[in-house]
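Following: one structure in structure tokens, then a few remarks.
The values are calculated or read from the model by the stated rules, or taken from the named source; none is laboratory data. Quantities reported herein were computed from a predicted structural model and do not represent experimental measurements. Don't worry about glycine lacking a Cβ; one is built from the backbone with ideal geometry, like all the others, and counts go over all protein chains shown.
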Amino acid sequence: MIKVDIKVNGNGCIKELKAEGHGGVGERGSDILCSAVSVLLRSFAKVVYTSEAIKTEGKASERGSIYLLIRNVPGEKITWLQGMSGLVITGLRDLEREFPGNIRVNILRDIEIV
């Protein structure tokens, strides 16, 4: 099972995400669920991490594991990050509905505003 924990701040922006596990829907290396989750999370992490204005830290130290912490988002990037966050959360929720029992997405709301 893939377990995804996401902390979202009061602006609706992802503040922290952690994912671990494997989908168990296909053979290792060709599991469609793992592939879909990896594309969503890696793309989000890479785009946010490579933004010069946003301060982050993270790691993907082994297959089936990713962690990203977003430390600082300047005001001009909040709307952009809200959109990116919404896309990732919507995609993960859709996968959770399509593959019940193989992925669990836990969204934690934080009242802090970036």
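Name the residues in the range 12-55 that are closer than 29 Å to W80 by Cβ, β-branched (V, I, T) and touching a helix residue (DSSP H, G or I) at 6+ places or on another chain (Cβ under 6 Å), would you?
I14, I54, listed by residue number.
Which pairs turn up if I take residues in the range 4-16 that are of a type outside the set (A, V, I, L, M) and look for partners that are in a loop (DSSP other than H, G, I, E, B) and crowded, with 16+ Cβ neighbours inside 10 Å with beta carbon separation below 7 Å, at least 6 apart in sequence or on another chain?
If the second residue must be in a loop (DSSP other than H, G, I, E, B) and crowded, with 16+ Cβ neighbours inside 10 Å, the pairs left are N9/V114; N11/V114; C13/V73; C13/V114; K15/N9.
Can you name every residue in the range 64-114 that is part of a helix (DSSP H, G or I), free of Cβ contacts under 8 Å to residues at least 60 places away in the same chain and polar (S, T, N, Q)?
Once the filter is applied, which keeps residues that are part of a helix (DSSP H, G or I), free of Cβ contacts under 8 Å to residues at least 60 places away in the same chain and polar (S, T, N, Q), the range 64-114 yields T79, T90.
Please determine, by comparing only the residues of the range 44-63 that are of a type in the set (G, A, S) and outside any loop (DSSP other than H, G, I, E, B), which one is modelled with the highest pLDDT.
So the residue we want is A45.
What tally of residues in the range 1-32 results from selecting those that are among the charged types (D, E, K, R), more than 15 Å from G101 (Cα to Cα) and assigned to a strand (DSSP E or B)?
So the answer is 5.
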